[in-house]
Amino acid sequence: MRYSSYFIPTQKEVPADAEIISHQLMVRAGMIRKLTSGIYTYLPVGLRSIRKVENIVREEMNRAGAIEVLMPAVQPAELWQESGRWEYYGRELLRFKDRHDRDACMGPTHEEVITDLVRKEIHSYKQMPINLYQIQTKFRDEIRPRFGIMRGREFIMKDAYSFDVDEAGANRSYEAMYEAYDRIFQRCGLKFRAVEADSGTIGGSYSHEFMVLAESGEDRIVNCTACDYAANLERAEVKEEDASLPDANDFEPLAREDTPDRRTIEEVTAFLNIGSEQLVKTLVYMVDEGPVAVLIRGDHELNDAKLKNALDAQTVEMASERLVEEATGAPLGFAGPVGLKIKVVADNAVKSMENFVVGGNEKDLHLRNVNLGRDFKPSLFDDLRTIAPGDACPRCGGPIAFGRGIEVGHVFKLGVKYSEAMKAVFLNEQGKEIPTIMGCYGIGIGRTVAAAIEQNHDKDGIVFPIPVAPFEVTILPLQMHNEPVVEAASGIYGDLMDMGIDVLLDDRDERAGIKFKDADLLGIPVRITVGSRGLKNGEVEVKLRSEPDSFTVPLEGAAAAISDTVKGLYDSLK
Ligand code: ATP
Ligand code: MG
């Protein structure tokens, strides 16, 4: 590509809404432009990077035996009604009516469409296993679109769906995708980690997220420093302590404590002069339609996802002030489990506590020396809190570390959730009709490009890993009016193109400083500088974007030497 006739609108200004560096650099490097909130045009340079990631994804999906299809963006409501998601997917689903008043939506994901296809086309165990994938534009009306194409409303996703005859087959399909994802993100040159994850609204029983490690990441992840356990913070299990259970002989008499206007943990513990680990907070939640009191030790955090799983609920949300009053008879801040009429569940850590403090279900009242069994009994104990610094690894008991990541991919075991609801059944070897076992597997293509930038940049711009770079090599002829310079640069340009290398020739009639600045901003991994001074010695200069120092190669055979350098960059990622 010749820069002068290409379209790379680089800019100095950083848009006001660009909070993170990848967003800023993608706009400055002329990769993307915003149309409206969360909706972007991919400019040529951005599109090249997107296509690079798509190609890696496609190659690895094909290698893993998945088969490419392309499904529609518009989906009829009936399918979503059948799966049951029309009701509860919420406002992220962009719904509309067509001219015949039929409900439809823009696809945020394609479980319904693919299940509909498979139930119509696949009827026998002989047609499985099969894994169908697409690289397609999704729409999700995200509540907070931000970070450029990292969290857009319209974005490109690779989504794959596997169909198996039995559990063992489904596990093999999952493993194959897990391994393909490992190869994909490795090939993209990213530092990443697969973590155990919660399955969220898509449902299913088991999943891993592939996280690109970055401080700006929205996801918090936990990993063990001693074994290979890693999980999304939301999901990370808390190891139940072997602490001894309380002894009834140590129970002190229950006592009422006036706590005028002391509602928060800080206010109550300061007033009663106790540590927060001596208090149990009572949180009233609406679980599906009914109120539930959840007990958590004062210094711990309730984890909504765990609560939802423990109660096998569709929705859990904190009760409104009015509902709390209705359920406990007291204003907010004084709820407690003693004498409470609603269901009470407790986190495991509460089990070993004794003589603790809770709210008294009366205004300005708390209770001291409360004890399990004697004063109340939860209907369930479970792991309901979020793991915290100081907790041990749930697998090996080793020390854990906290970090941040960007979720670029997700693999799920779906089981029969969709095949049962939508009757995607087949005849097995015994002639019995059973639902097919599904898995689904997503990768955010644009988000992967943004994550690569988030992880690879410096003060001058992007430092692309070569597989994701829009061009592998850029050639900067420093004097456009010097014929030998222009000729040498064009010669190398032609040779590199013949070798199948993606090369950008900066043939603009611009000052050298501008060319260097733009090359750095764009982050092209290999830069060739052709100048009259070097040519006098029969040399051109080669500089890697990732290295501070340059070196020279003879003009004679320069393209072959550069091609070796390019190959070396790919090899270093293996
Ligand atoms: P998140 O938790 O970030 O919202 P998700 O769990 O909703 O992600 P999935 O439904 O698993 O995401 O979608 C598969 C992949 O699509 C994600 O791993 C991510 O890379 C990408 N993705 C999801 N939402 C967006 C978005 N709004 N913009 C860009 N990419 C996205
Ligand atoms: Mg989401």
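The values are calculated or read from the model by the stated rules, or taken from the named source; none is laboratory data. Everything numeric in this text was worked out from a predicted model, so none of it was measured. Note: ideal-geometry Cβ built from the backbone for every residue, glycine included; neighbour counts use all protein chains shown.
Residue under question is Gly46, and the condition is that it be of a type outside the set (Ser, Thr, Tyr) and touching a Ser or Thr at 6+ places or on another chain (Cβ under 9 Å); does it hold?
The answer is no for Gly46.
If Tyr570 passes every condition in (1) in a loop (DSSP other than H, G, I, E, B); (2) within 25 Å of Phe192 (Cβ to Cβ) but one, which one does it miss?
Result: Tyr570 passes all but (1).
When you scan region 112-121, do you find a residue that is within 16 Å of ligand 1 (Cβ to nearest atom), within 24 Å of the chain's Cα centre (by Cα) and outside any helix (DSSP H, G or I), even just one?
no
So in region 156-170, with the set limited to residues that are more than 19 Å from Val408 (Cβ to Cβ) and either free of Cβ contacts under 8 Å to residues at least 12 places away in the same chain or not in a helix (DSSP H, G or I) (or both), which one is nearest to ligand 1 (Cβ to nearest atom)?
Ser162
Quickly run through region 1-25 and pick out the residues that are among the aromatic types (Phe, Trp, Tyr) and either surrounded by fewer than 19 Cβ atoms within 10 Å (Cβ to Cβ) or within 21 Å of Val449 (Cα to Cα) (or both).
Of everything in region 1-25, those that are among the aromatic types (Phe, Trp, Tyr) and either surrounded by fewer than 19 Cβ atoms within 10 Å (Cβ to Cβ) or within 21 Å of Val449 (Cα to Cα) (or both) turn out to be Tyr6, Phe7.
What strands (runs of 3 or more DSSP E) completely inside region 285-402 contain at least 2 residues that are over 30 Å from Met211 (Cβ atoms)?
So the answer is 290-297, 343-347, 356-359, 365-370, 380-382.
Go through Thr448, Thr474 for me and flag whichever is crowded, with 17+ Cβ neighbours inside 10 Å, within 16 Å of ligand 1 (Cβ to nearest atom), closer than 30 Å to His23 by Cβ and not aliphatic (A, V, I, L, M).
Thr448
Here's a check for you: in region 213-229, which residue that is among the aliphatic types (A, V, I, L, M) and within 16 Å of ligand 1 (Cβ to nearest atom) is farthest from Pro394 (Cα to Cα)?
Ala214
Do we have Arg144 as surrounded by fewer than 21 Cβ atoms within 10 Å (Cβ to Cβ), within 15 Å of ligand 2 (Cβ to nearest atom) and either in contact (Cβ under 8 Å) with a residue 60 or more places away in the chain or closer than 30 Å to Gly38 by Cβ (or both) here?
So Arg144 passes the test.
Taking the stated definitions as given, is Val485 in the same structural domain as Ile56 (by TED's automatic domain parsing) and aliphatic (A, V, I, L, M)?
No; evaluated as a whole, the condition is false for this residue.
Among (1) away from ligand 2 (no atom under 16 Å from the Cβ); (2) out of contact with any helix residue (DSSP H, G or I) (no Cβ under 7 Å at 6 or more places or on another chain), which single condition is His410 missing?
Here His410 meets the rest and fails (1).
So Phe163 clears everything in (1) crowded, with 21+ Cβ neighbours inside 10 Å; (2) within 16 Å of ligand 2 (Cβ to nearest atom); (3) at pLDDT 95 or above except one condition, right? Which one?
(2)
From Ile265, Ile274, grab the single residue that is closer than 15 Å to Val370 by Cα and surrounded by fewer than 18 Cβ atoms within 10 Å (Cβ to Cβ).
Selected residue: Ile274, the only one of Ile265, Ile274 that is closer than 15 Å to Val370 by Cα and surrounded by fewer than 18 Cβ atoms within 10 Å (Cβ to Cβ).
Search region 132-155 for residues being of a type in the set (A, V, I, L, M, F, W, C) and within 8 Å of ligand 1 (Cβ to nearest atom), and hand back the single one that is farthest from Tyr206 (Cα to Cα).
Ile149
Can you tell me which residue in region 186-203 is surrounded by the most Cβ atoms within 10 Å (Cβ to Cβ), limited to those that are assigned to a loop (DSSP other than H, G, I, E, B) and either touching a helix residue (DSSP H, G or I) at 6+ places or on another chain (Cβ under 8 Å) or at pLDDT below 85 (or both)?
Per the stated criteria, the residue is Leu190.
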